[in-house]
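Please read the structure below before turning to the comments.
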Amino acid sequence: MATSPSAVSDGDQRHVPDEPPVLEARGIVKRFGHVEALRGADFTVGRGEVVALIGDNGAGKSTLIKTLSGVHTPDEGEIRVGGVAVRFATPVDARRAGVETVYQDLAVADDLSVAANLYLGREILRSGPLGRLGLLDKRAMRQGAAEALDQLGVRIPRVTTPIAMLSGGQRQCVAVARAIIWATNVVILDEPTAALGVVQTARVLDVVRRARDAGMSVVLVSHNMPQILEIADRVEVLRLGRRAARLRADEVTTDDLVAAMTGSTSVERDER
Amino acid sequence: MATSPSAVSDGDQRHVPDEPPVLEARGIVKRFGHVEALRGADFTVGRGEVVALIGDNGAGKSTLIKTLSGVHTPDEGEIRVGGVAVRFATPVDARRAGVETVYQDLAVADDLSVAANLYLGREILRSGPLGRLGLLDKRAMRQGAAEALDQLGVRIPRVTTPIAMLSGGQRQCVAVARAIIWATNVVILDEPTAALGVVQTARVLDVVRRARDAGMSVVLVSHNMPQILEIADRVEVLRLGRRAARLRADEVTTDDLVAAMTGSTSVERDER
Amino acid sequence: MSAVEATPAARDGVFTDRLREWVSHAVAEFTAATALVVLFIALSIASPYFLTADNLFNIGAQTAVIAIIAAAQTMVIITGGIDLSVGSVAALAGVTGAIVVRDLGFPLLAATAVAIGVGALAGLVNGLLVTVARIPPFIATLGTMSAGRGLVFIITGAVGVYGLPRSFQLLGNGEIVGIPFAVVITAVVAVGVAFLLSQTRFGQYTYAMGSNLEAARRSGIRVGRHLTGVYVLAGVLVGLGGMIAASRVNSGQPNYGISLELDVIAAAVIGGASLFGGQGRIVGTIIGAFLIALVRNGAVLLDISIHYQQVIVGVIIWAAVYFDQYRRRRLESRG
Amino acid sequence: MSAVEATPAARDGVFTDRLREWVSHAVAEFTAATALVVLFIALSIASPYFLTADNLFNIGAQTAVIAIIAAAQTMVIITGGIDLSVGSVAALAGVTGAIVVRDLGFPLLAATAVAIGVGALAGLVNGLLVTVARIPPFIATLGTMSAGRGLVFIITGAVGVYGLPRSFQLLGNGEIVGIPFAVVITAVVAVGVAFLLSQTRFGQYTYAMGSNLEAARRSGIRVGRHLTGVYVLAGVLVGLGGMIAASRVNSGQPNYGISLELDVIAAAVIGGASLFGGQGRIVGTIIGAFLIALVRNGAVLLDISIHYQQVIVGVIIWAAVYFDQYRRRRLESRG
Amino acid sequence: GGVEVRDGGDGGSTDASGPLKLAVVPKAVGADYWNTVKAGAECAAQRAGDVTVQWDGVTTETDVEGQVNLIQNFVTRKVDGIVYAATDSRALAPATEQALGADIPVAMIDSGTSPQPSTVPLFATDNRAAAGEAAKLLATELGPGNHEVALVEFQPGSQTNTERVEGFKSGLAAYPNLKLVGQQPSRSDVNEARRVTENILTANPNLAGVFAANEQSVLGAAQAIQAANKSGKVVIIGWDAAPDEIAGLRSGQISALVVQNPFKMGYFGVDKMVKHLRDKTPLASADTGVTFVTKANIDSAEIKAVLEPSCANPPVQ
Ligand SMILES: Nc1ncnc2c1ncn2[C@@H]1O[C@H](COP(=O)(O)OP(=O)(O)OP(=O)(O)O)[C@@H](O)[C@H]1O
Ligand SMILES: Nc1ncnc2c1ncn2[C@@H]1O[C@H](COP(=O)(O)OP(=O)(O)OP(=O)(O)O)[C@@H](O)[C@H]1O
Ligand SMILES: [Mg+2]
Ligand SMILES: [Mg+2]
C-alpha cells in the first residue's frame, strides 16, 4: 500500500484508535473534461459511525460518493476498505465490499415495478432446480417489498406499480428502502430525505440510528443542518473538491457548519 | 361559469375580501389509469400571498401543481384566474396567464447550456431584421444568465456548461432562477430548495419574499415545516388528493401541520 | 371507475396484484389482437379461400421465420437497443448451413447447429460492439448488417447454394400431425422466450437495462455481460430462423432477408414494444408478425397489386401503432 | 491540465465562453474529420487517380444528394426522431418532378418547386403523424416509407420516367466555374441548415426538444408545431435531393433511394449526432457523408470488390463511431 | 446520329500491345447469371492474354445512381475499356458519354443505353422478344381451352423486369384463352417468391400456368407448387438456368426455361473490346441469342454448352 498523497490525515485517526476505518478515501482526484470535481478529497468512516458529508452545491459530494460506490473510477488517489487499498471498477465491487448506496438521482428503473426495483440485482429465485435456471419467486419478492415499505411508513398504491407512476417522494422511499434492506457494512445516503415528508424523514433517521446501533457505518449527505446535528457523530466538510474540515457533531453549531462549508471562517482544522 | 362542485369553499374567501383569488382550483379530479391522484382538490392563492401547499408523499401536490400549470388537464373541476374560469390546455396557456413554475422533476434540457435553459422559450433575438428571422442574441443571453445566477448566489462553472454536467443542486438553482426571472403574476415552486445548500436556500427564500413584496403570489410546496412557518402567509394541506385544511401560518406549529397532513387529529377546518 | 385507494402496499392481496398485472398486460396486447381478429374476420368474408386449412397452414409456415426473428428483435428492443443486422445474419446462417450440408455432408441437425453457431457469433460481435466498444446499437448492427452481407457474398461467390439433399427441407417444409414443423418450432421459441422474459432473472435484467441502464449497472447487474448475452441469444434465434428460411427454399440464398429488419421491428412495435426500451412482450410481437403476414396474404388473395399493398401496409402500421398510443395515452403511464 | 476553477458564472468573460464553446464543438467533429483526412491522404498515396480534378469533381457530385438528405436527417435526429422515409420520399419527389416536366412541360425551376412541394407534403405527413397522432417517429416514417414507395409505383406504373429534355440534367450534372452545380447547392444547404441550427431560435428549439421534449413543452415551446416544422423542412431538403438525383440520371427512377436512409443515418451518427436526440451538427454530418463516399470511391480505385467493400464500410462505420464514443467517454459528459 | 470517331489510335491512353485493364460491370452482383457473364469475360481475357478484368457492380439492380457513380469512378481510374450492363437504359446514357469523352471505349452487354452511341456495341438478347416467346411456350404447353395463369416478376421498376413483364403480357395477348389472374413480385428473394406463389395458388385453385421471370422467382414458384402437391399440374415457364432450375426441369416440375447466353455476352464484350483496342477493329453489336431449354433438348450438346459453359468449350461461335 503506497503512501497516500494525503498521508497527513493519518495523524487524525485517533478517535477510532483500535481499528482501521471501514471505508476511507485518500487524495481522490476526479476530472470531467476540463472540470475538476474532486481535487484530492479525503474521507473517512469508522465502524458504527454516522458521518455526515456536507458542502455547498457543486462541492463534489455526489462525485465523491459515486467514487466510493464504484460508479466513477478516480483519476488519482485510493480507496481503502478496512485499511486495505481496493479498486472499485464497478458498482458490483463496492456492493461486494458491503457498501450500499442511495444516489441523489435515485437510479431506479422506471418501467419496473416497485418490488422488482427493490430486489433488482438480488432477485429471489424459486427453490429447487427451477431456481437454478433463474426462475423468479415473484410472490416472495412482492411480500418482502410490501413489508420493507411498510416498515418505512411509505404509502404506495401497490408494489406492482411501475416506478414511473410514483410521486417524487415515493420514488425516493423506494430507493432508500432498497439500500437499507441490503446494506451489511456501510450505507451511503446522498440526500435521502430531500423529497420525503415529515413522517418518512423521521422514519429514515430512525432506520439510520438502528443501522448504527447494529454496527453498521452510515454516510449521510444532507443540506439540512439541524438534521445533521441531530443524527451524525461526525461531520466532514467538502469545499471545492477538497476536505475543508472534520468536526465532531456534538461540538459544533449550525453556524459553524455553514462557516466551514462556505469557507468564510477558519474553523477548519485539517485543511492544508 | 358553472357552479363549481366544491362551491362549499366559497365561504372561505373572507381573508382576501376585496378581490377574487389570483389563482384558484376547484374540485379538481385527476386520474392516471386506475389511480385517482386528485379527488376533488381545491386550492386558492390571493394576490401578494405566499401560500404553502403541504401534504404527505403521494398526497397529490405535484399533480395539483401540474394541473395549475397546464401540464395536466384535469378530468373534472375548474381552474380560475382572477375569478374567471380558464382552461389551461398547455403550459403555454398558463404562462400567458403569468403563472411560472419550478417542477419537482425540474424539466430542464440536459444537452443545452445553462444560459439556453434559462431563456428557453423566451430567447433574446438580435434587434433588426435578422432578429425577425429568429437570429439569437447569444451574448445578451449569456450575460443575462450570468447576472441572474449571481443574484441567486449559485456557483456554476460557466453559463455555457450543458446542464448535464451540473450537480443536483446546481440544476435546481437553474430551474428556480428561470422561474423567478420570468414570473409576472404567480410563481409556483414545487420543492424548490430540496437539493439546495444552506446559502442557496436562504437566497431562494429571500427572493420569494421580494416577489411577494412586489405584489406577486407565490405557491410553495415543501416538506420543511420550519421553512414553511418562516415564509408562508397561509398553508393549505392536501391529503389523499383532497384539501384537508387551510391554516394561517402564524397561528400554527409544526406539530399542527404534521397532524393535518397525516390526518391524525382533526385540526382540519374545511374538510368535508 | 372504482378508485383504488392509496393503501399501504402490504395490505394488497397477492391475488389482486396478479390479476391487475395480468389485466394490464392483456390490455397492452389488446390493440394489436383486436386488429388481428378484425382483419381475420374481414378476410374470411372477403375471400372464400382465406379460411381454408391449406391457406392457414401456409400463413403459419410463411410467418414462422419472421416471428422467430421478431422475437429475437423484441429482446434487443426491450434492452433499448435495435438489431439491424438480422437479415444479413439470417442469410449468413442459412448459407453456411447449406454449405456445410452440401460440401461437408453434415447431417441436418449438425448443420442447424452450425447455423445457430453463426448466428450466435454474429450476436456476440454485436454484443461486444455495444458493450465493450460502446458503439450505439443502431450503428453497431448497421455495421454488422453491411459486413455480414459482404461476407455472405464472399463465401457464396454471390451464387445461391444449391444441390442440397431432400432432407434439408425438413425444418422448413416438414410437418407433424398436419402442423408445419416450422410453426411448432416458432411456438416453442415464442413460449420459451416469453417465459424467459417474464419469469426469469435474465428477463428481469433485460427489462431493467432497457428501462435505465445506469440504474441497472448501479444495482450490481453486470450489464456488459448480460447485454452481450441478450445479443447472443437473439443471434441464436436469428441463426435458427435463417436456417429454417434456407430449408424452406431448399437452398442457401445470398439475397435472403434484405430489409427483413424493418418487418420484424414493425412487428415488435405493433405488438407494443417501445424503441426507448423497457417495454415489449413476445405475445404482442407474435401478434404483430401475424398481423403483417395477414395483410400480405390478404392482399394477394384479393389480387391487390404490390404497389397498393405497400400503401396498405404503411397505413396499417400507422393505424396499429396509433391506436396503441391512444390507449396508452389514456393510461398516461409516462405522464 | 489547467483546472478551471468553479468561479461564479458572472466572472467568466464572454470571449472565453465563445472560445470554449468553439473548441468543444471542434473536438466533437474531430474524430470524423481526422478519419476523413487520414483516408484522403491514404488514397492520394495509394491511387494515382484519386487526387485528380475529375475524381474530386465526381466525388463531390456523387455525395451531394447524400449530404443534402443527411442534413435533413440530422435535423430530425436532433429532435430525437428518425426519418426512414427519406429514400421513398426522394424517389417520389424526383419522379413527380420528372413527370411534370415530361407531361406538363414545366420548366426546370417549376419542376424543382413541385418536387420540393412533394417532399414538404411528405414531411408534413410525417410531422402530423408524430405530433398529432403521437406515433413514434420510427413507425410513422416506416409507414411513410412503405406508402411512399407504393405511391411512386402507382404513379409511374413501375416504369422509369424518361424522355426528358437535356435541360433537366442541369441540377445534377451542370457546373459553375468547374464546380458541380450539385456541390454548390449542397454547400448552400449545409451552410443554411448549420446556421439555422446553431444561430436561430428554430435551431435552439430543435435541440431542446431532442434533449427533453417534456421540458421543452413546459418551457412554452409549441412542440407540436415546431416538431412538425422540422419534419416539413427535412422533407423540403429530401425533395430537393430527390430532384437532384433524378436530374443526375436524367430520369425519374421509381426504385431510387432504397435503403438510402441507412446511409444518411450513418453519415449523421458518424458525424456525432446521437439517436437519443439533442446532439448533432451539420458539419459533422457532411464530414460523415464524405467519409462514406470516400470509402466507396477508394474501394473502386483500389480495385476492391463490392463484397469486400461492404465489409469495409461496415468496419469503418464501427471504427468512426467507436473513436467518437471513446473520445466522448473521456469527456464523460453524460456521466 | 452523326458518327463521332473518338477512339482512333490517337486518343487512347492505350499502348496497343501492352497490358490492358478492362472494367466489366454487371447490373448487380449476386446471381448465377452475372457470374456466368464474369466467367465469359475472364475466359476472353485469358485467351487474349495480358488482359485484366476488373469486375465490380452495385448490389441491387435498382441502384441506378450507384452504377452511374461506379462508371464515373472507372473513368477516373482510366481503365482501358469499360464493358457493362446498364441498370437503366436512359439513366446510364450520360455515363457512357462521359467515358467516351474521356477516350475510354465502351461496350454494352445484356442491356444497352438509350440513346446508344453508334460507336458503342451491344451484346445482348432481346428480353422483350424472349418473354413473348415464353408466353407462346406457356400457351403451347397448356393447350387449347381456357386457363388461368400467373406471373411472378422480380423487381418492379427495374428495366429488365419491365421488359420481361411487358414482353410476356403482349405475348399473352395473342392467346385469349389464357387469363392472367395474378401478378406479384419476388424481389429476387426465393422465400418471397414462394410466399406470393403460395398465396396466388390459394386464391386461384384452378391456376394452370406460371411464368416466373428470373432465377429466384422460378425457384420459389416451383417450391410453392410442389408444396401444394400440384407439381406437373401447374405448368411453369421459367427464366435462367440455376442448378436447381435445371433439376426442376429434369424432374418435370418446370416445363421450359428461357436461357440466355451470359457467357457469350461476357466473352464478346471483352473479346471485341480487346480486339478493338489492339487491332482497331471497329466495335459492332451482336445478338447473343436465347435458348429455350426443355426436358427434351436438355441433353443436346448445343444446350449443354450454354448451360455448363467452360472456357475449354465456350458457347461462342
Ligand atoms: N403520471 C402518473 N401516472 C400514474 N400515477 C401517478 C402519476 N403521477 C402521479 N401519480 C400518482 O398520484 C399520486 C400523487 O402523486 P404526486 O406526485 O402528485 O404526489 P406529491 O404530493 O407530489 O408527493 P411527493 O411529496 O412525494 O412529491 C401518487 O400516488 C402517484 O403514484
Ligand atoms: N458528469 C459530470 N460531467 C461534468 N461535470 C460534472 C459531472 N458531475 C459533476 N460535475 C461537476 O462536478 C462538480 C461537483 O458536482 P457534484 O454533483 O459532486 O456536487 P455536489 O456536492 O453533490 O452538489 P449538490 O449539493 O448540488 O448535489 C460540479 O461543479 C459539477 O458541475
Ligand atoms: Mg450532490
Ligand atoms: Mg411531488
Row for the stretch E:99-189, column shape: gyration tensor on C-alpha, a ≥ b ≥ c, rounded if a/c < 1.5 i.e. under 1.5, prolate if a/b over b/c, else oblate; value prolate
Helix C:53-78 sits off the longest principal axis of the Cα atoms of chain C, rounded to the nearest 10 on a 0 to 90 degree scale, by 60 degrees
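Once Rh for the stretch C:195-272 is found with the Kirkwood sum over Cα pairs, what is the Stokes-Einstein diffusion coefficient at 4 °C and 1.567 mPa s, in µm²/s?
So the translational diffusion coefficient is about 88 µm²/s.
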Log entry, pair A-D: total buried accessible area, probe 1.4 Å, protein chains only, in Å² rounded to 100, is 800 Å²
A student asked for the Cα radius of gyration and Dmax of the stretch A:153-272 in angstrom ought to give 16.3, 52
Among the Cα-Cα pairs of the stretch E:164-298, the proportion with separation greater than 26 Å, in percent, is 32 percent
Connecting every pair of Cα atoms under 10 Å apart in chain A and solving the GNM, the largest mean-square fluctuation among A:33, A:215, A:58 falls on A:33
Taking every other residue with Cβ under 14 Å from the Cβ of residue E:234 and scoring Lys and Arg +1, Asp and Glu -1, one gets 0
Carbon plus sulfur, as percent of the 1.4 Å-probe accessible area of the protein assembly as shown, comes to 58 percent
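Counting only other residues whose beta carbon sits under 11 Å from that of residue E:75, what net charge do I get with K and R as +1, D and E as -1?
Values: positive: E:77, E:78; negative: D:54, E:97, E:103.
Local net charge: -1.
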Karplus ³J(HN,Hα) for the stretch C:156-162 (6.51 cos²θ - 1.76 cosθ + 1.60, θ = phi - 60°; Hz, whole; x = Gly/Pro) runs 9, x, 6, 10, x, 8, 10
Computed Rg/Rh for chain E (Cα atoms; Rh = Kirkwood radius) stands at 1.01
Heads up, chain C by the C-alpha gyration tensor (a ≥ b ≥ c square roots of eigenvalues; a/c under 1.5 rounded, else a/b over b/c prolate, else oblate) looks oblate
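By accessible area of protein heavy atoms, probe 1.4 Å, what ranking do A:66, E:304, E:27 get, highest first?
Values: A:66 40, E:304 90, E:27 5 Å².
So, going from the largest accessible area down, we get E:304, A:66, E:27.
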Per residue, accessible area of the protein assembly as shown with a 1.4 Å probe, heavy atoms of protein chains only, in Å², comes to 35 Å²
Hull surface over four for the Cα convex hull of the stretch C:159-243, reported in nm², is 8.0 nm²
Listed residues D:261, D:175, D:214; largest mean-square fluctuation, Gaussian network over chain D with Cα springs below 10 Å, found at D:214
Rounded to the nearest 100 Å², the accessible area buried between C and E, both sides, probe 1.4 Å, is 2700 Å²
Taking alpha-carbon centroids only, the stretch D:187-265 lies from the stretch E:129-199 a number of Å equal to 42 Å
Applied in sequence order to the stretch A:209-220, the curve 6.51 cos²θ - 1.76 cosθ + 1.60 (Karplus, θ = phi - 60°) yields integer Hz couplings, x standing for Gly and Pro, of 4, 5, 4, 4, 4, 7, x, 7, 9, 10, 10, 10
Relative to chain A, whose Cα atoms define the longest principal axis, helix A:168-182 and its Cα axis are tilted in degrees, nearest 10, by 90 degrees
Sorted largest first, the Cα spans of the protein assembly as shown on the principal axes come out in Å as 110, 73, 71
In degrees, nearest 10, the alpha-carbon axis of helix E:190-203 is tilted away from the dominant principal axis of the alpha carbons of chain E by 30 degrees
Pseudo-spin-label distance residue E:141 to residue D:325, built 7 Å along Cα→Cβ, given in nm, is 5.2 nm
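Counting only C-alpha contacts under 8 Å and six or more residues apart, can you give the relative contact order of chain E as a whole percent? Mind showing how you got there, number by number?
Working: 671 pairs, mean separation 62.5, N = 317.
20 percent.
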Under 5 Å from the placed amide H of residue E:183, counting only residues 5+ away or on other chains, we find E:151
Taking every other residue with Cβ under 11 Å from the Cβ of residue E:58 and scoring Lys and Arg +1, Asp and Glu -1, one gets -2
Phi angles of the stretch E:115-131, converted by Karplus (6.51 cos²θ - 1.76 cosθ + 1.60, θ = phi - 60°) into ³J(HN,Hα) in whole Hz with x for Gly and Pro, give x, 9, x, 5, 7, 9, x, 10, 10, 7, 10, 8, 4, 4, 5, 5, 5
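Round to the nearest 0.05 the FRET efficiency obtained for residue A:230 and residue A:132 when R0 = 51 Å and r is the Cβ-Cβ distance. Walk me through the numbers before you get to the answer.
Values: r = 47 Å, r/R0 = 0.92.
Working from the Cβ atoms, E equals 0.60.
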Mean separation of Cα contacts under 8 Å (at least 6 apart) over the residue count of chain A, i.e. the relative contact order in percent, is 24 percent
Interchain or sequence-distant (5+) residues whose placed amide H lies within less than 5 Å of the amide H of residue A:102 are A:188, A:189, A:190
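So if R0 is 30 Å, what FRET efficiency would residue A:214 and residue A:251 give, r being the distance between their Cβ atoms, rounded to the nearest 0.05? Before the final figure, lay out each step's value.
Details: r = 26 Å, r/R0 = 0.86.
Efficiency, from the Cβ-Cβ distance: 0.70.
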With no solvent term and unit scatterers on the alpha-carbon positions of the stretch B:64-136, Debye gives log₁₀ I(q)/I(0) at q = 0.12, 0.18, 0.21 Å⁻¹ of -0.46, -0.83, -0.95
So for the stretch C:82-192, using the alpha carbon gyration tensor with a ≥ b ≥ c as root eigenvalues (a/c under 1.5 gives rounded; past that, a/b versus b/c decides prolate or oblate), I'd call it oblate
Output field shielding_mean for D:197-209 (other chain Cβ, 10 Å radius) holds 5
Under 5 Å from the placed amide H of residue E:230, counting only residues 5+ away or on other chains, we find none
For residue E:27, the lysines lying under 29 Å Cα to Cα, once residues fewer than eight places off in the same chain are dropped, come out as E:38, E:78, E:136, E:169, E:264, E:272, E:275, E:280, E:304
Between chains C and D, the summed loss of accessible surface on complex formation, probed at 1.4 Å and reported to the nearest 100 square angstrom, is 3600 Å²
From DSSP H assignment alone, runs of 4+ in chain C each adding -39500 (n - 2.57), the sum over residues rounded to the nearest 500 puts [θ] at 222 nm at -25000 deg cm²/dmol
Expressed in µm² per second, the diffusion coefficient of the stretch C:248-289 from the Stokes-Einstein equation, with Rh the Kirkwood radius over alpha carbon pairs, at 37 °C and 0.692 mPa s, is 288 µm²/s
The base-10 log of I(q)/I(0) that the Debye equation returns for the stretch B:70-227 at q = 0.14, 0.16, 0.17 Å⁻¹, one scatterer per C-alpha, is -0.76, -0.97, -1.07
Ranked by GNM mean-square fluctuation in chain C (Cα springs under 10 Å), the top entry among C:163, C:241, C:284 is C:163
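Can you list, largest first and rounded to whole Å, the semi-axes you get for the stretch B:94-178 by taking the square root of 5 times each eigenvalue of its Cα gyration tensor?
Numbers: eigenvalues 97, 52, 26 Å².
Value: 22, 16, 11 Å, ordered largest first.
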Once normalised by the length of the stretch D:188-323, the mean sequence separation of its alpha carbon contacts under 8 Å that are 6 or more apart gives a contact order in percent of 22 percent
So the compactness index of chain B, its C-alpha Rg divided by 2.2 N^0.38 Å, takes the value 1.03
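The values are calculated or read from the model by the stated rules, or taken from the named source; none is laboratory data. Note that the structure is a prediction, hence the values are computed from the model and not measured. Neighbour counts run over all protein chains shown; Cβ positions are idealised from the backbone, glycine included. Surface accessibility is based on the protein's heavy atoms, side chains included, excluding ligands, DNA and RNA. Shrake-Rupley method; radii C 1.70, N 1.55, O 1.52, S 1.80 Å.
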